[in-house]
Amino acid sequence: MRIHLPGFTSKNIFTLLGLVALFLVIILNKNVLKDCLHLLGQFRWYVVILVVIIQFLSYLMNAFFYRAILNVFSLKQISLRKLFEGALATNYVNFMVPSIGAAGAGYLSQVLSPEVNRGEAVLSQIMRLALNALSLLIMMPIGLLLIITSRQPRGSIVSESLISTAIILGVAVALFWLIDHESILRTLARKLIRNITRLYPRFHGERAIMRFLHNFYEGYRSMLQKKKQMRAPFAWSLLYVTIELLTVFVIFLGFGEIVNPGIIIIAYLIANIVSIFGGVLFSIGAFELGMAGTFITLGIAPSLALSVTVVYRSLNLLISLPPGFYYYRKYLP
């Protein structure tokens, strides 16, 4: 499975649309933009060094996650370095090809091949997304409790958080139901193959697809039989999400502000929910607007909310995309 991506000189058109939308919001709030630029001038830039360290730690957590989940499949021969490089490359692919993680899952299977079969590699990425979501759901009540017990304005954030939780649970239950019904998924795969064959008579990928499903379900059944061993991947997911939240907290400190951690938890949760839908179309804009909007709803000044969001996402991308592009090129066949 080879994925061809443009370099940094050409962007996906939907990414451009996302940027335009974000800039329109900024331009329509000129006073906020003026205050935002003033805050950026006061940012303690030595904090950037700390953010760089924390962000690379987050990718290291992903590498440990992949090693732990592959251990569940009894595959222990992948080096931690390769898994770390794969985590960065997968992030790059997900950014360049908006697909709610599907493109990254495909590319990860390429990085781990031939030591890990395609099905188990894709399942590893699906489980990373699922356990990250579960980690956020566990933290959500903590975030709400911290906000409710403080004097921060709450607005409608409780109901919004509950709706976000319901969305995550709904998507998770639907996905689990589909995966758990192997016969249905295989039937859908055969129908897809028939439709592709009608359009492209020279298509001969049926064996490869069915072999992929066979390997996928071998890994899935292995996970169900080793539920206790799934604690380790979940622990690494929980650490990863905690580190991301810590990054946002540190950026607030860079602006000289100590913020209620509950606000950061809820903003990060809602930003991820928004990006699930917006991420199908564009890589930039959905997450940022979700995070900044939640900060403002929870009483953070608009200029500070926008500044923190812009700095967080800018550093996040600047730190991860260049090495991600390098490792993406490295693992191309």
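The values are calculated or read from the model by the stated rules, or taken from the named source; none is laboratory data. Just so we're clear, the structure is a prediction, and the values are computed from it rather than from any experiment. Positions of Cβ are backbone-derived with ideal geometry, glycine not excepted, and every protein chain shown enters the neighbour counts.
General observations
- Residue check for residue 256: modelled with pLDDT of 85 or more and on the phi > 0 side of the Ramachandran plot: yes
- Residues being at pLDDT 85 or above and over 15 Å from residue 137 (Cβ atoms) - total across segment 268-277: 0
- Of the residues making up segment 242-265, just one is charged (D, E, K, R) and either in a helix (DSSP H, G or I) or buried (at least 17 other Cβ atoms within 10 Å of the Cβ) (or both), namely 244.
- Residues in segment 288-330 that are touching a Pro at 6+ places or on another chain (Cβ under 9 Å) and part of a helix (DSSP H, G or I): 292, 295, 296, 297.
- For residue 138: the one exception among (1) surrounded by fewer than 22 Cβ atoms within 10 Å (Cβ to Cβ); (2) under 14 Å from the mean Cα position of the chain (by Cα): (2)
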